[in-house]
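Each remark here refers to the structure printed beneath this line.
Please treat every number below as a calculation from the coordinates, not as lab data. As the structure is a prediction and not an experimental result, all values here were calculated from the model. No Cβ is skipped: glycine too gets one built from the backbone with ideal geometry, and neighbour counts run over all protein chains shown.
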Amino acid sequence: IPNVVNLTEAKRIAEFVCSVYEKVLEIYQEQSPNPSLMAAIRLGETINFFTDFSSPWTMVALELPAIEKLATSLEPVLRQLRQQHISAKDRRAIGFVTTQFHFSTQLVLNRLTLPEQILLSPYFKFVEEQVSIPWQRICNAAALHDFNSPTLALVEQLLPVSQDIAQTVYQRTEELHSGHFSRRGGLDDPGIKASTIRDLEMFQGYLWLCALEGNMTSIEQELLPLCLLVFPSVDVSWKLAEKMLQLLVDELNARIESDQMYLLLPYTKGLLELFSDLEQKAL
């Protein structure tokens, strides 16, 4: 592990991640459960907010009024976490902890009863997105663009459908590589599906950050090193990752007009170039 990240830095950042959990639970305890969600529990409905995106109960639960309060309350904690990121000598440490945050969330949920899982899952999903996707930096970069910026318009067009894009890409991958198996299981495994869709959303977030910033620095210096470190530890196939990213680029291209292509091409091309020959880059 010391060869992956500096343990002192990772431990310091992990302490802030722990404070995120504590804040989430604090806000959760202050809330009254959504009546519709309680009805789902009484009916014995099973909800997995990390996989069942289209479930009507998922949509109801994700409309919890506490989400706005959660975002506001977590901002100071996440700001401290970002400061640790900035001060870390190895910027990959935050990425390593981000991955651990995802698996820790799954472990916590697995220890809860079904009603507890249903009530807590939307909070954890919201926070996981805040931790793994650079939303604040995307917003800051967007704020520097004029309101009539074509790049900003492109991001505003595709960012809201990033989850749908991720699901479509995963479904296509599953169709093309149905026989793929790793130590964790096949592509139809719910855990693999959830984590991969999360990663596809993360890739889109970083892609839009690069487009708004006008360079590939964030992907080259943060996302690529993170993937080179983490993918082997979770048994991700390099070849499958490359093919999936090509499918992601194809899906993005299919959702824009021909006169928008020039805005996206430098960044999708850069993404594919950076993530080509991953097996060699990982050596």
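Kindly check whether there is at least one residue in the stretch 219-235 that is under 25 Å from GLU156 (Cβ atoms), within 21 Å of the chain's Cα centre (by Cα) and surrounded by 20 or more Cβ atoms within 10 Å (Cβ to Cβ).
yes
Residues that are among the basic types (Lys, Arg), at least 3 per element: which helices (runs of 4 or more DSSP H) completely within the stretch 177-283 meet that? First the steps, then the outcome.
Working: elements: 190-213, 224-233, 238-254, 261-274, 278-281.
Because the criterion is at least 3 residues that are among the basic types (Lys, Arg), no helices (runs of 4 or more DSSP H) in the stretch 177-283 meet it.
Looking at the stretch 133-150, can you tell me whether even one residue there is under 18 Å from PHE231 (Cα atoms) and either out of contact with any strand residue (DSSP E or B) (no Cβ under 7 Å at 6 or more places or on another chain) or touching a residue at least 40 places away in the same chain (Cβ under 8 Å) (or both)? Outline the logic, then answer.
Going through the stretch 133-150, the residues under 18 Å from PHE231 (Cα atoms) turn out to be 133.
Add one more test, that the residue is either out of contact with any strand residue (DSSP E or B) (no Cβ under 7 Å at 6 or more places or on another chain) or touching a residue at least 40 places away in the same chain (Cβ under 8 Å) (or both), and what stays is 133.
Yes: the stretch 133-150 contains one or more residues that are under 18 Å from PHE231 (Cα atoms) and either out of contact with any strand residue (DSSP E or B) (no Cβ under 7 Å at 6 or more places or on another chain) or touching a residue at least 40 places away in the same chain (Cβ under 8 Å) (or both).
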